[in-house]
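**Student:** Here it is, the structure in full.
The values are calculated or read from the model by the stated rules, or taken from the named source; none is laboratory data. Just so we're clear, the structure is a prediction, and the values are computed from it rather than from any experiment. Heads up, the Cβs are rebuilt from the backbone with ideal geometry, glycines too, and the neighbour counts pull from every protein chain shown. Ligands, DNA and RNA are excluded from the accessible area calculation, which covers all protein heavy atoms including side chains. Shrake-Rupley method; radii C 1.70, N 1.55, O 1.52, S 1.80 Å.
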Amino acid sequence: MISPKNHSSKFGLLVLLLFALFLVNIALGSVHIPIEAIFKIILGDESVKSAWTYIIIDYRIPKAIAAILTGSGLAIAGLMMQTLFKNPLAGPFVLGISSGASLGVAFLILGGSALGLSAIITPGSWGTILAASIGSFAVLSVVLLVASRVRDAMALLIIGLMFGSLTSAVVSILAYFSPAEELQRYMFWSFGSLGDISWSALGILTICYTVGIVLALTICKSLNSLLLGDSYAQSIGVSLQKSRFIILIATSILAGSLTAFVGPIAFVGLAVPHLIRQWFTASNHWVLMPACLLGGAVLMLICDTLAQMPGLEFTLPINSITSIIGAPVVIWLLIRKKKLLF
């Protein structure tokens, strides 16, 4: 089996790209700040303009870190989903898990006035995180229950899409009866944004992210075994029920918490595992896990840099940029490679 050491040059390139894109991400924006001033701010030099310090420390760096957490977390969630369902089209968004998180947040934001929760509902609050996690956990639980009865992968995929349509319909009904202010708040949340995260909110997100990633790393051996079939996995002592439960928990924590803070982000969880498999030509999850973690972070930093439209005063919805940038890449890979590695 190929170990991470065999791909040291590719991992090194990803790490260099990550650092370079992080600096580019915090250097670009509607306000031009010289690169020398950025390094001084990072090093704690107080001679720089206070406005520049505020922009870098309290806005751009938290946004860049949020992009890294979002891209890597969704990529890991997508990798686990694709291995669990043995389906290259599985992912937090396609199987309705992100839609479930959106439904949980919609119940809080759009149903806030009816439930008397408007005062405690703010993006990034524990209530929003809990609602998004419960929503994603509920949808993934139903999908897993159906998966135990339906063996056909395509049928399972269609069922996941139907769950996504069902949750969208419920959100539409809630939106129809909601006041304009709450509807506007939910619409802005659904566009996806990395720029509304404070350091305190980032701390909460980091805790959820760390728990999800640690759980994912503990089941690398089980994920490798699942690739060879359930019978083989059981023959070497892997508990299928325990493994599926850990994957369920890790995915719902990652997809739920990330969706709660930055809104629904399409495509990253689906595309990054495929892009990494094509590049690394590996199926070992001890290689794929760190590679997807770095690759997802790199892709999200690229998308966020493009979304903030350097030199202009407005920012495009990050959810749209991830699809516009990523979808053609996967189509190109399919045409070039004829098929996806899995």
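**Student:** Enumerate the calculated ³J(HN,Hα) couplings along the stretch 47-61 in order (Karplus 6.51 cos²θ - 1.76 cosθ + 1.60, θ = phi - 60°), each rounded to whole Hz, writing x wherever the residue is Gly or Pro.
**Tutor:** So the J values, rounded to whole Hz, are 7, 7, 3, 5, 5, 5, 4, 4, 4, 6, 6, 9, 10, 6, 5.
**Student:** Dipole of the chain, Cα-centred, from +1 at each Lys and Arg C-beta and -1 at each Asp and Glu C-beta, to the nearest 20 debye? Please report the intermediate quantities before stating the final value.
**Tutor:** Details: 18 positive and 11 negative charges, 272 e Å.
The dipole magnitude comes to about 1300 debye.
**Student:** According to a simple spin-label model (label point 7 Å from Cα along Cα-to-Cβ), what is the distance in nm between Gln234 and Trp199?
**Tutor:** In this crude label model, Trp199 to Gln234 measures out at 5.3 nm.
**Student:** Based on a Kirkwood Rh over C-alpha pairs, give the Stokes-Einstein translational diffusion coefficient of the stretch 167-258 at 4 °C and viscosity 1.567 mPa s in µm²/s. Numbers along the way, then the final one.
**Tutor:** Values: Rh = 16.3 Å.
Translational D for this selection: 80 µm²/s.
**Student:** Regarding the chain, what are the three Cα extents along the principal axes, ordered largest first, in Å?
**Tutor:** Over the chain, Cα extents along the principal axes are 65, 55, 36 Å.
**Student:** Still on this structure: By how many nm would the segment from Ala155 to Ser50 lengthen if fully extended, with 0.36 nm per residue of separation less the alpha-carbon distance?
**Tutor:** Working: separation 105, 0.36 × 105 = 37.80 nm, distance 5.71 nm.
Going from the current span to full extension adds 32.1 nm.
**Student:** Continuing with this model, one more query. Rounded to the nearest 500 deg cm²/dmol, what is the calculated helix-only ellipticity per residue at 222 nm for the chain, with -39500 (n - 2.57) per DSSP H run of length n ≥ 4?
**Tutor:** On the way: 16 runs with 247 residues, N = 342.
Mean residue ellipticity, 222 nm, calculated: -24000 deg cm²/dmol.
**Student:** Another question, then. On full extension of the chain, what length is gained from Phe177 through Lys86, given 0.36 nm per residue of separation minus the C-alpha to C-alpha distance?
**Tutor:** Taking Phe177 through Lys86 to full extension adds about 28.8 nm, to one decimal.
**Student:** Here's something else I'd like to know. Among Ser172, Cys208, Leu183, flag the residue with its Cα farthest along the positive direction of the charge dipole of the stretch 150-254, charges on Cβ as +1 for Lys/Arg and -1 for Asp/Glu.
**Tutor:** Cys208
**Student:** Same structure, new question: Rounded to whole Hz and in sequence order, give me ³J(HN,Hα) for the stretch 34-43 from the Karplus expression 6.51 cos²θ - 1.76 cosθ + 1.60, θ = phi - 60°, writing x for Gly and Pro.
**Tutor:** x, 5, 5, 5, 5, 5, 5, 5, 5, 7
**Student:** Still on this structure, please answer the following. Using the beta-carbon distance between Asp58 and Leu217 and R0 = 51 Å, what value does 1/(1 + (r/R0)^6) give for FRET efficiency, to the nearest 0.05?
**Tutor:** Working: r = 32 Å, r/R0 = 0.62.
So the FRET efficiency works out to roughly 0.95.
**Student:** Give Lys10/Lys49; Lys10/Lys242; Lys63/Lys86; Lys10/Lys221; Lys10/Lys63 a once-over and call out the pairs whose C-alpha atoms are over 28 Å from each other.
**Tutor:** Lys10/Lys49; Lys10/Lys242; Lys63/Lys86
**Student:** Still on this structure: Determine the per residue accessible area of the chain with all protein chains present and a 1.4 angstrom probe, expressed in square angstrom.
**Tutor:** Details: 15830 Å² over 342 residues.
In whole numbers, the chain has 46 Å² accessible per residue.
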